[in-house]
Structures are given as C-alpha cells and as structure tokens.
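What follows is a set of notes on a single structure, which appears directly below.
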Amino acid sequence: MKTRNISILFLVSLLFLSFANAEPIAVVIKTRGKVTVTSNNGKKLKARVGTRLYPGTKITTKKKSFAAIRFIDDGSLVRIRSNSTCTVEGKREKSGFFKNLFLEAGTLFSKIVKQKSIFRITTPTSVASVKGTAFWVKQEFKGGTYYFGEEGVVEISNKKGWALLRKGETGYVSSPSSRPIVRKTKKGEKPERKDSKTTIDELEIDFKNQKGDVKSLKFKVKKEK
C-alpha cells in the first residue's frame, strides 16, 4: 500500500461545490442542545431533524450538544459530539457520493457502510480513509488527532507516512509533519458510546435531485428514552 500524499487544502477545494446548485448529500436525523449549520454562502440556521446538508455545509455543536447525520446514498452514520466543528463535503459519482468530513476540532463517531466510492475524514494533521467500518476521531484544538478503532480497518495517512488502525487500537498524529503511530488502546481513553438506552423510530424524507426527480428515503433513528 503506497503512501498517499494528500493536500488538505487541495481536497477541500476539489470538493467545494455551489450550495445553490448541488443536491443534498446528507440529512440531520437527530440533535440535542445548540447545533447550527452554516452553508458555504455564510447562511446560518439552527439544525433540526430533517435538515438537508449540502456540500460545504459546516456543522457546529456547542457545550452539552450533539448531532447525528446520515448520508443519503448509503445510510452511513456520523455522530458529532459537543464542542465540535466539521464540514460536510462531497460530489456525486456513478457509484454514489465521494464523501469527506473535515473535522476542525471536536469528536465524532462514524459507522460507515461498505463504500463503492471514497469516504474520508480529514483533520488538520491527517486523513482517515475507509471502505466500511466504525471508528472515533478526536481532534484537539490546535493540536493532534486521535483515532480509536471499533470495527474493521482504517488507513491513517499524511505526507509523512501511513498506518493501519484496527479494533482495540489507538492512532495518533501530533502534526501534519509527524508520521501516524498506532498502539493498543489504553483503558478509559476511548470515548464511550451512549446509545444503549434508546428506542427506534423511523424518519421519512423526500429529496429532489438536480434532474428534478423526487426520491423518498426512510431512516431508522435511535431516540433516547
């Protein structure tokens, strides 16, 4: 496997599409507390269940807040913890959406359905490339990036090298000029999933693509008791 020398700025520019002309690539399925979405034209709104997320949309969660989003092409799930800022980026391909989440700061959990196209999580220090797996990403404010493996395999890379992250392991990248390292996860260092006391509900949303075709999608949503 070759090292992937990926320029974060180039990736962001490549995926930067017009908010007005693009079709949505994801939808908000759950929020708690103060969560806002900002389009790439600067318009800021309160995030609600059913809010469509277009390429370039920034999601911000405040203290004691939370958001969950699903991608509309395959149902991949991302849970965004409090005090986080990330941007949803992507473009349509024949096999689905080329997807990228740029995490500026904070913590998120991803449950990724097996991908036919590319799914990446980009941080100021590195890039996590996945096909289908579950893992955590924690980006320190003006600091390093932690990755925690839950399922499958994740490739972590930057210009200095790459490493493979598996279940029960922690990856760390201190800066863009530092090689990713992987070790066994220490007790208590991985974020906890707080979704054990939940019930299941369904959310149905209609989408209209650029051709004007309407598509109805159903999502299973976990609701806290």
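One line per residue, one yes/no per condition, for (1) under 21 Å from VAL137 (Cα atoms); (2) buried (at least 16 other Cβ atoms within 10 Å of the Cβ); (3) modelled with pLDDT of 85 or more:
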{"site": "LYS2", "(1), (2), (3)": "no, no, no"}
{"site": "SER7", "(1), (2), (3)": "yes, no, no"}
{"site": "LEU14", "(1), (2), (3)": "no, no, no"}
{"site": "ALA22", "(1), (2), (3)": "no, yes, no"}
{"site": "VAL37", "(1), (2), (3)": "yes, yes, yes"}
{"site": "LYS44", "(1), (2), (3)": "no, no, yes"}
{"site": "PHE66", "(1), (2), (3)": "yes, yes, yes"}
{"site": "ARG70", "(1), (2), (3)": "yes, yes, yes"}
{"site": "SER95", "(1), (2), (3)": "no, no, no"}
The lone exception for THR133 - which of (1) crowded, with 17+ Cβ neighbours inside 10 Å; (2) at pLDDT 95 or above it fails: (2)
Every residue from the range 31-69 that is at positive phi and either touching a residue at least 40 places away in the same chain (Cβ under 8 Å) or in a strand (DSSP E or B) (or both): GLY33, GLY50, GLY56
Verdict on ILE59 being farther than 23 Å from LYS116 by Cβ, crowded, with 19+ Cβ neighbours inside 10 Å and out of contact with any helix residue (DSSP H, G or I) (no Cβ under 6 Å at 6 or more places or on another chain): yes
Close pairs (6 angstrom Cβ cut-off, 6 or more residues apart or separate chains): more than 18 Å from ILE121 (Cα to Cα) in the range 173-190, part of a loop (DSSP other than H, G, I, E, B) and not polar (S, T, N, Q) anywhere: THR185/GLY168
Matching option when the condition is crowded, with 18+ Cβ neighbours inside 10 Å and either assigned to a loop (DSSP other than H, G, I, E, B) or in contact with a strand residue (DSSP E or B) (Cβ under 8 Å, 6 or more places away or on another chain) (or both), among LYS138, LYS116: LYS138
Test: SER76 is crowded, with 22+ Cβ neighbours inside 10 Å, closer than 17 Å to GLY132 by Cβ, of a type in the set (Ser, Thr, Tyr) and touching a residue at least 12 places away in the same chain (Cβ under 8 Å): yes
Boolean, PHE102 is touching a Phe, Trp or Tyr at 6+ places or on another chain (Cβ under 6 Å), among the aromatic types (Phe, Trp, Tyr) and modelled with pLDDT of 95 or more: no
Given (1) surrounded by 13 or more Cβ atoms within 10 Å (Cβ to Cβ); (2) at pLDDT below 95; (3) aliphatic (A, V, I, L, M), number of the condition VAL214 does not satisfy: (1)
Pick from the range 125-167, criterion farther than 23 Å from LYS186 by Cβ and hydroxyl-bearing (Ser, Thr, Tyr), ranking: nearest to the chain's Cα centre (by Cα): SER129
Test: SER82 is surrounded by fewer than 22 Cβ atoms within 10 Å (Cβ to Cβ) and part of a strand (DSSP E or B): no
Meets criteria (modelled with pLDDT of 95 or more, under 20 Å from PRO55 (Cα atoms) and within 10 Å of the chain's Cα centre (by Cα)) for THR122: yes
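The values are calculated or read from the model by the stated rules, or taken from the named source; none is laboratory data. This one's a predicted model, so the numbers in the text were calculated from it and none came from an experiment. Cβ: placed from backbone, ideal geometry, glycine included. Neighbour counts: every protein chain shown.
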